[in-house]
Structures are given as C-alpha cells and as structure tokens.
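Q: What follows is a single structure, and I will ask about it in a moment.
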Amino acid sequence: MDDSIKRLQIPDELVHPFFFSENEIAVKKPPVPFTLEVNFICELFYYNGIETFKPWVSYEEVIPTLLDKWQTEKDHLKLLHRERDQKNILQSMKKGIGLFIQLLFWSNGEPVQLNESFSILELAYKPVNVQERLRFIISRPNLFHSYIQLSELMLEQEKQYEKKNIMKKAFRPKV
C-alpha cells in the first residue's frame, strides 16, 4: 500500500450510514494544512488520536474556503438537476451535505459529531429547525427540493456565522 495512504477506523463520533458504509476508510495521511476533498477528514484523524489541523479551532481562516467550495458544489448540483443526472446527484449531495455539517459545527467551534448521542440542538449558532430539515435532506438527497433546502441551510448558517462574528467583536474588551 502507498505510504501516503492510511486506513482509519470510522470513530463512534462519525458513524453514520449516509456518509460511511464501511467500518474503516483509506485516506491520505493528515491533510496539511487541510482539505475539503473528503468529508470530515480532519475529524477522522482527530478522533483516531492522530495529530491534525483542527478547522473548528481556526474556523475564521477555513470557513471562507469552505463557502467557496460550497459555491462550486452548488453550481455543479444545479447542473446535475437541470440534466436530470440522478446517478451523480447523490455523490454531489453527500459532498454538499458534508460541507454544511462542517460549516455548522466549525462555526460553533466544535468538531463534527454525527452520532445520535450528540444533538445539533446543543449548538449555539444554527438555522431554525435544522435537525428536521437535515433529516429530510439526508432521507431524500436526490430530490430537487432537498438541493434547495440544503442551499437555504447553507445561507442561513453563513448568516449565523456572521452574527457570531459581530457578537464576538461587539463584546471584545476595548484596549
């Protein structure tokens, strides 16, 4: 096996059948500084006890990159829906949903947790009814309405992120 490839167990925090159908995954060694090519790559290393970049700690520097990646994925999804390319919509939606979940957790300063023991409702900054809306999208990812709903969630979470930044600046001690 290639030295740059590492097999990692899917940690309990990331067990979710929509994203991971196997118990382990082959990935390139820790991303330097980080990548969005594999959903939850930093969390995969982090929860496996391997030193890695923590985007939830440095979220202010990675979220603009994540939002750019979403714009590219959103445009791709729009094209796939226009062409009614059901075969490729699922993979692209998985990528888009993963980007949303990363934005949701990272903008709250937390690593992603997909398992049932953690409730998204515990996050301070989130869209209204996020849990129900996300459940709908994951259960029907090929629907055009799911794509629209995902786009709305991304926009709403971006606004929540901006709100957090404004609040942080407003309550920063004056020097």
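Q: Please give the contour-minus-distance gain from Glu122 to Lys94: 0.36 nm per residue of separation, less the Cα-Cα distance, rounded to one decimal in nm. Don't skip to the answer; put the middle values down first.
A: Values: separation 28, 0.36 × 28 = 10.08 nm, distance 2.33 nm.
Length gained between Glu122 and Lys94: 7.7 nm.
Q: Further question on the same structure: What list of ³J(HN,Hα) values in whole Hz, one per residue of the range 118-124 in order, does the Karplus curve 6.51 cos²θ - 1.76 cosθ + 1.60 (θ = phi - 60°) give from phi, with Gly and Pro shown as x?
A: 10, 9, 4, 4, 6, 6, 6
Q: Can you send over the carbon and sulfur percentage of the accessible area for the range 97-175, probe radius 1.4 Å, protein chains only?
A: 57
Q: Something else now. If you look for lysine pairs in the range 12-115 that are eight or more places apart or on different chains, how many of them have Cα atoms under 23 Å apart?
A: Lysine pairs meeting the criterion: 22.
Q: Within the range 22-70, which GluC sites (Glu not before Pro) sit in a loop by DSSP and count at most 12 neighbouring Cβ atoms inside 10 Å? Intermediate results must be reported in sequence, preceding the final value.
A: Numbers: sites: Glu22, Glu24, Glu37, Glu43, Glu51, Glu60, Glu61; in loops: Glu22, Glu37, Glu51.
Those that pass, being in a loop and sparsely packed, are Glu22, Glu37, Glu51.
Q: Now for a different question. Please report the carbon-and-sulfur percent of the accessible area for the range 1-71; probe 1.4 Å, protein heavy atoms only, DNA, RNA and ligands left out.
A: Values: 1950 of 4010 Å².
Here it works out to 49 percent.
Q: Could you pull out every residue, at least 5 positions away or on a different chain, whose amide H is within less than 5 Å of the one on Lys28? Hs are placed 1.01 Å off N in the peptide plane, and Pro or chain starts have none.
A: Lys6
Q: Further, regarding this structure: Could you give log10 I(q)/I(0) at q = 0.11 Å⁻¹ for the chain, computed by the Debye formula over C-alpha point scatterers of equal weight, without solvent?
A: Calculated log10 I(q)/I(0) at the listed q: -0.48.
Q: Tell me what the chain gives for mean residue ellipticity at 222 nm when only DSSP H runs of n ≥ 4 count, each as -39,500 (n - 2.57), the sum divided by the residue total, rounded to 500 deg cm²/dmol. Can you show the working numbers first?
A: Working: 5 runs with 89 residues, N = 175.
Here the helix-only value at 222 nm equals -17000 deg cm²/dmol.
Q: In addition: Can you give the accessible area per residue of the chain, in Å², using a 1.4 Å probe? All intermediate terms of the calculation are to be shown ahead of the outcome.
A: Values: 9940 Å² over 175 residues.
On a per-residue basis, the chain sits at 57 Å².
Q: Using alpha carbon centroids, what distance separates the range 94-159 and the range 74-89, in Å?
A: 20
The values are calculated or read from the model by the stated rules, or taken from the named source; none is laboratory data. Model, not experiment: these values are computed from the prediction. Don't worry about glycine lacking a Cβ; one is built from the backbone with ideal geometry, like all the others, and counts go over all protein chains shown. Note: areas computed on protein heavy atoms with side chains; ligands, DNA, RNA excluded. Shrake-Rupley method; radii C 1.70, N 1.55, O 1.52, S 1.80 Å.
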